[in-house]
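> A single structure is presented below for examination.
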Amino acid sequence: ADRAAAHRLYTLVFPVDAAAGRVLLGMKKRGFGRGKLNGFGGKVEAGETVAQGAVRELAEESGLAARSVEQCGLLLFYFEGDPTAMEVHVFQARDYAGAAAESDEMRPEWFPVDQMPFDRMWADDRFWWPCVVDGAKFVGRFWFKADQTTIVRQSLVRVDSL
Ligand SMILES: Nc1nc(SCCc2ccccc2)c2[nH]cnc2n1
């Protein structure tokens with residue numbers, strides 16, 4: 001019998017300043033992913049849609065108020081020894097108000113979209129980030145060792161719709 005795969009929903013939002021060709025990342029100060037630069041996000045809560053969760057996490061973690069977010073990708077992460085996969089819905093936010101501000105969770109910093117600090121980000125990001133830059137929707141699956149660094153298997157496809 002095939003095992004129903006357990007997974008938990010998360011969001012990941014990248015505020016993009018298209019005119020300047022730059023993206024806002026945050027240095028995670030605590031919790032999951034601490035010490036890595038990443039987009040803004042977290043768990044989707046009961047009673048909110050995934051997109052609402054994305055807007056909420058962006059506001060909480062960066063101070064930016066997104067008027068809209070566009071889903072650009074779906075990522076599934078599996079960690080050795082952990083039966084629950086992470087189902088991460090990736091969004092761009094191109095229409096937002098406010099200025100980036102440090103929060104308890106994140107220290108924000110702008111980077112040119114073609115000069116990403118991949119050595120300070122999650123190991124999978126360098127594989128799917130070009131899809132975000134190209135505006136191509138993608139589905140990526142990454143299997144990690146328990147060290148949360150070593151990728152032992154991966155699959156990445158561009159898709160027409162999510
Ligand atoms: N870029 C990236 N992000 C994540 S977790 C993003 C979602 C999240 C989850 C929990 C707290 C805040 C944000 C990753 N996991 C494994 N590879 C990864 N790559």
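> How much accessible area does Cys72 have with a 1.4 Å probe, in Å² rounded to the nearest 10?
Looks like 10 Å² after rounding.
> Over all alpha-carbon pairs of segment 5-162, lay out the pair-distance distribution in 10 Å bins, whole %, shortest bin first.
11, 42, 39, 8, 0
> How much accessible area per residue does segment 1-148 have, in Å², with a 1.4 Å probe?
With all protein chains present, segment 1-148 gives 49 Å² per residue.
> Run through segment 1-100 and list the chymotrypsin sites (Phe, Trp or Tyr not before Pro) located in a DSSP loop whose Cβ has at most 13 other Cβ atoms within 10 Å.
Filter output for segment 1-100: Phe32.
> Report, to the nearest whole %, how much of the accessible area of the chain belongs to carbon and sulfur atoms, 1.4 Å probe, protein only.
50
> What net charge do the residues around Tyr96 carry, taking every other residue with its C-beta under 10 Å from that of Tyr96, with Lys and Arg at +1 and Asp and Glu at -1? Mind dumping the intermediate values first?
On the way: positive: Arg67, Arg94; negative: Asp17, Asp95.
The answer is 0.
> State the number of lysine pairs found in the chain whose Cα atoms come within less than 18 Å, restricting to pairs 8 or more positions apart or on distinct chains. Show your work: numbers first, answer last.
Working: Lys28/Lys36; Lys28/Lys43; Lys29/Lys43; Lys36/Lys145.
Summing the qualifying lysine pairs gives 4.
> For the chain, find the longest principal axis of its Cα atoms and tell me its angle to the long axis of helix 50-62, 0 to 90°, nearest 10.
That works out to roughly 60 degrees.
> Take the chain, connect every pair of alpha-carbon atoms lying under 10 Å apart with a spring to form a Gaussian network, then pick out the residue of Gln115, Gln92, Gln71 with the largest mean-square fluctuation.
Answer for the Gaussian network model of the chain: Gln115.
The values are calculated or read from the model by the stated rules, or taken from the named source; none is laboratory data. All values derive from a computational prediction rather than experimental measurement. For neighbour counting, all protein chains shown are included, and Cβ atoms are generated from backbone atoms with ideal geometry for every residue, glycine included. The protein model used for the area step is the full one, side chains on, heavy atoms only, and it has no ligands, DNA or RNA in it. Shrake-Rupley method; radii C 1.70, N 1.55, O 1.52, S 1.80 Å.
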